[in-house]
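For reference, the structure discussed in these notes is given below.
The values are calculated or read from the model by the stated rules, or taken from the named source; none is laboratory data. Quick caveat: nothing in here was measured; it's all calculated off a predicted structure. Every residue, glycine as well, gets a Cβ built from its backbone with ideal geometry; the counts of neighbours run over all protein chains shown. Quick note on the areas: whole protein, heavy atoms, side chains included, nothing else; ligands and nucleic acids left out. Shrake-Rupley method; radii C 1.70, N 1.55, O 1.52, S 1.80 Å.
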Amino acid sequence: LKKLFTLCLLAILTQSFAQEKSISSEADKYFELIRPEFKGYLAYNTVAFVEKYWRYAGNTGFNETVYLIERKLKEAGYINEEDASENDRLTYRIESRQMGRPTWEPVDASLRIVGERSPLLLQQTNRNMVYLNSHSTQTEAEVVWVKDVNEITKEQVEGKIVFGEMSGRKLLNVAVKEMGALGIITFDMPSYLQAQKNTTSIQFRSLAYDRALQPWGIALSYEAKERLKAAFENGPVIVEVNIETKLYQSEELTVVANVRGGELPNESLVFSAHIQEPGANDNASGVGAQLEMATITAKLLNESSIDPKRTITYLWGDEIISTHRYIQEEEKRIADIIWGISLDMVGEDTEKTGGSFLIEKMPDPSAIWTRGNDKHSEWGGSPLEKKDLMPHYFNDFIISMFKKQGSYANWEVNNNPFEGGSDHTPFLRADIPGLLLWHFTDQFYHTDNDRIDKVSKATLTNVGTGALASAMVLVNGDESTAIAMTKLIQDVALERLKIEFDLGSSLIANGESTKEKEVDIIETWAKFYTDAMQKVVDLGSSDAVSKAIDQASAEVNEFSLKLLEQVK
Ligand SMILES: [Zn+2]
């Protein structure tokens with residue numbers, strides 16, 4: 001009898017375990033479906049195709065990328081919206097818009113010092129040498145080395161080319177626009193690009209389009225800058241500049257692909273990857289990873305391995321602009337956006353580029369008090385205020401998903417406080433949870449050495465797999481997911497409070513912080529997480545969910561009160 005009783009108890013326990021979903025077990029289900037499919041070939045091959053072009057909205061490379069995406073979406077089973085029936089769940093459209101300015105693309109360029117045999121720079125080997133929006137020119141003129149832009153005189157620079165180790169904007173305005181110089185040559189590289197080591201790197205630069213002035217500019221590598229400076233030792237320097245670019249009217253294209261939800265089609269998760277910019281990692285990698293994600297979603301849906309409840313949208317376009325517009329243009333969307341994720345610089349071979357994979361969190365208290373293990377990337381961020389906080393479960397959920405992929409694939413996963421600057425910002429500005437998946441520091445960021453040899457198929461696979469598995473948990477989320485999410489947030493909240501308490505205690509002991517400040521920090525984190533718990537109803541709501549939230553909030557508050565007493 002006793003044995004039977006034990007068995008019964010076991011049965012009941014097992015059953016209750018089976019009913020209580022954890023985020024981790026939900027995640028495993030989708031990871032197991034996605035991992036055998038995600039091999040990174042499509043992502044990598046897409047990067048290899050896209051990175052050949054210097055992409056700018058409306059230009060050849062941008063549009064060729066759009067057409068490649070369209071071909072691959074079609075092959076995967078996505079149907080053009082115009083030809084789709086109501087039953088089609090995989091659809092796409094290409095939006096086309098008149099541009100307010102001409103598009104631009106570089107064709108050829110060279111810079112030579114007259115009297116020296118080898119050219120200083122060639123477009124073929126330094127494709128970022130020409131400032132974006134530069135007009136074509138062919139000229140030979142003396143170079144004036146400018147040390148201080150505020151001391152330039154007209155007599156000094158008129159009809160000549162100015163060179164400065166500074167940003168080009170002011171130099172162009174003063175020397176070219178006001179004083180009649182022919183054009184600018186600059187050297188301007190942030191220190192994290194390690195110009196003295198990566199001597200051929202040029203970080204791309206741009207001028208404002210100016211039809212009347214028809215300006216041009218050349219950005220130098222460290223190596224070219226040193227050679228040019230050395231030439232001044234032998235007297236006046238004359239250079240020969242050849243720039244051939246194209247500026248022409250075009251249309252701006254955006255690709256929108258939808259996997260329509262079966263149950264709640266009006267709620268969606270949106271992925272966004274920008275096409276423009278010349279690099280392989282920035283952002284042919286996001287374009288490629290997202291394309292493989294979209295094709296795998298289609299395959300799994302077509303073979304009935306998944307049946308997403310909510311809609312998944314894949315966007316490819318012009319950074320921030322396309323995403324912002326998509327969020328604003330409600331009438332064109334089939335669904336309200338519940339979550340947004342930007343894929344930008346997601347293919348780094350970190351052995352070569354440095355840095356690591358990062359999840360940039362939506363604003364949480366680590367963006368106010370950046371300390372302990374929290375740190376900003378070298379891209380940089382400025383401290384936020386409490387009013388900027390966006391309490392949500394999204395940060396910790398995505399971090400937990402990528403940590404899973406990280407431990408599975410022995411891959412380093414880190415996160416950073418909010419900084420901005422990519423396709424997650426338009427979501428946040430519209431009060432929609434938004435995150436960035438990226439890498440930093442990348443010592444080739446925005447330089448012409450950001451090419452396919454810096455891209456890793458394994459990284460593309462890890463990011464794409466983590467992103468798609470995360471999407472699956474969210475779009476299929478229900479009441480039990482909401483309860484599991486509450487538990488996850490409770491766990492990370494308790495962990496965070498303890499970390500801040502320990503850190504604060506030692507800072508107070510060393511006289512580096514005050515009790516008032518530490519009380520504020522603990523209270524802010526506790527409130528952030530109890531507020532975050534309220535958001536799980538995005539996934540599903542019921543009395544049981546409300547109860548779980550109340551209970552978890554109470555535990556977090558109780559723990560924080562205990563810590564606060566100790567601080568005081
Ligand atoms: Zn980017």
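At 1.4 Å probe size, with the rest of the protein present, what percent of the exposed accessible area of region 229-292 is carbon and sulfur atoms?
The nonpolar share, carbon plus sulfur, comes to 45 percent.
What ranking do 524-536, 465-477 get when scored by the average of other Cβ atoms within 10 Å per residue, highest first?
Those peptides, ordered most packed to least, come out 465-477, 524-536.
With a Förster radius of 30 Å, plug the Cβ-Cβ distance of Lys197 and Ala430 into 1/(1 + (r/R0)^6) and report the FRET value to the nearest 0.05.
Efficiency computed from Cβ-Cβ geometry: 0.15.
What number comes out for accessible area per residue over the chain if the probe is 1.4 Å? Units Å², please.
For the chain, the per-residue accessible area is 42 Å².
Using DSSP to call loops (not H, G, I, E or B), can you name the chymotrypsin sites (Phe, Trp or Tyr not before Pro) in region 16-80 whose Cβ has at most 14 other Cβ atoms within 10 angstrom?
none
Take each of the peptides 126-136, 331-341, 99-109, average the number of other beta-carbon atoms within 10 Å over its residues, and list them starting from the highest.
Highest to lowest by the protection proxy: 126-136, 331-341, 99-109.
Just to confirm the filter: which GluC sites (Glu not before Pro) across region 57-155 are DSSP coil and have at most 16 other Cβ within 10 angstrom of their Cβ?
Glu86, Glu116
At a threshold of 8 angstrom on Cα-Cα distance, excluding pairs fewer than six apart, so keeping six or more, what relative contact order does the chain reach in percent?
18 percent
With a 1.4 Å probe and all protein chains left in place, how much of the accessible area of region 428-568 comes from carbon and sulfur atoms, in whole percent?
Accessible surface attributable to carbon and sulfur in region 428-568 totals 50 percent.
Can you list the lysines whose alpha carbon sits under 20 Å from that of Lys52, skipping same-chain ones fewer than 8 residues off?
Reachable lysines: Lys72, Lys246, Lys352, Lys454, Lys457.
For the pair Ser85 and Asp307, how long in nm is the line joining their label points, each one 7 Å along Cα→Cβ?
1.9 nm
Apply 1/(1 + (r/R0)^6) to the Cβ-Cβ distance of Lys177 and Glu495, taking R0 = 60 Å, and write down the FRET efficiency to the nearest 0.05.
So, using R0 = 60 Å, E works out to roughly 0.60.
Ranked highest first by average number of other Cβ atoms within 10 Å, how do 512-522, 178-188 line up? Intermediate values should be presented prior to the final figure.
Values: 512-522: 16.0, 178-188: 21.0.
Descending packing order for the listed peptides: 178-188, 512-522.
At 0.36 nm per residue, minus the direct Cα-Cα distance, what do Ala230 and Val519 gain on full extension? Give it in nm, one decimal, please.
My answer for the length gained is 98.2 nm.
Under a no-solvent Debye model with one identical scatterer per Cα of the chain, what's log10 I(q)/I(0) at q = 0.07 Å⁻¹?
So the normalised log intensities are -0.49.
Starting from 0.36 nm per residue, how many nanometres of slack lie between Ser206 and Glu263 once their C-alpha separation is accounted for?
15.9 nm
If a paramagnetic tag sat 7 Å from the Cα of Lys299 along the Cα-Cβ line, which residues of region 28-69 would have the backbone N under 16 Å from that point?
Of the residues in region 28-69, 30-46 have backbone N under 16 Å from the label point off Lys299.
Relative contact order for region 450-568: what is it in percent, counting Cα pairs under 8 Å that are at least 6 residues apart?
Dividing the mean separation by the residue count of region 450-568 yields 39 percent.
Could you tell me which residue out of Leu488, Val475, Asn510 lies farthest along the dipole of region 447-530 toward its positive end? Charges go on the beta carbon: Lys and Arg +1, Asp and Glu -1, centred on the Cα centre.
So the residue we want is Val475.
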